[in-house]
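Here's the structure we're looking at; comments come further down.
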Amino acid sequence: KLTSLPPVLFGKMPKLTVLSLSQNDLSTLPPGIFSPLSNVKKLDLSNNNFASLSPEYFEGPEKLTELNLQNNQIKSLDADVFGKLQSLVTLKLDHNDLQTLPEDIFEPLIKQGGFTSVKTLCTVTVI
């Protein structure tokens, strides 16, 4: 099981379209790790140990349509965490420790037009 990733891991993989890093022990990622992956459409970070996410993680994958963050330990999300994901259509967040969300967290995604679903949030208080 992976516990960390080197910052330049995906530097030579610009044609990659699907990436699964699920079922590991990742709790953090190097800033901009996905920057070279401009063609990734599906990113699976489920079943890891993320408690928080940085907007810097998601710089680069302009064509990302599906992001799976299920089964982590995410407690809260910053309002701008998904702001750069202009093509995101599906976001899976179930089975996390989310208790509150900023009121406008999904606003940038909705404005971009393609965003259609958040898979099972359970009960979350919007602040």
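Here are some notes:
- Here the chain is treated as a sphere whose radius is the Kirkwood value from Cα pairs; by Stokes-Einstein at 25 °C and 0.890 mPa s it diffuses with a coefficient of 168 µm²/s.
- Rounded FRET efficiency, nearest 0.05, which uses the C-beta distance separating Ser22 from Lys75 and R0 of 22 Å: 0.65
- Only lysines eight or more places from Lys111 in sequence, or on another chain, were considered; those with a Cα closer than 23 Å are Lys41, Lys42, Lys63, Lys84, Lys92, Lys119.
- Taking 0.36 nm per residue of separation and subtracting the Cα-Cα distance, full extension of the segment from Glu107 to Ala51 would add 17.9 nm.
- Calculated P(r) of the range 30-89 - Cα pairs past 16 Å, %: 41 percent
- Rolling a 1.4 angstrom probe over the range 1-113 with all protein chains present gives an accessible area of which 48% lies on carbon and sulfur atoms.
- What the Cβ-Cβ distance of Glu59 and Gln99 gives, at R0 = 35 Å and to the nearest 0.05, is a FRET efficiency of 0.85.
The values are calculated or read from the model by the stated rules, or taken from the named source; none is laboratory data. For clarity, every value in this text was computed on a predicted model and none was experimentally measured. Heads up, the Cβs are rebuilt from the backbone with ideal geometry, glycines too, and the neighbour counts pull from every protein chain shown. Side chains are part of the model used for accessible areas, which takes the heavy atoms of the whole protein and leaves out ligands, DNA and RNA. Shrake-Rupley method; radii C 1.70, N 1.55, O 1.52, S 1.80 Å.
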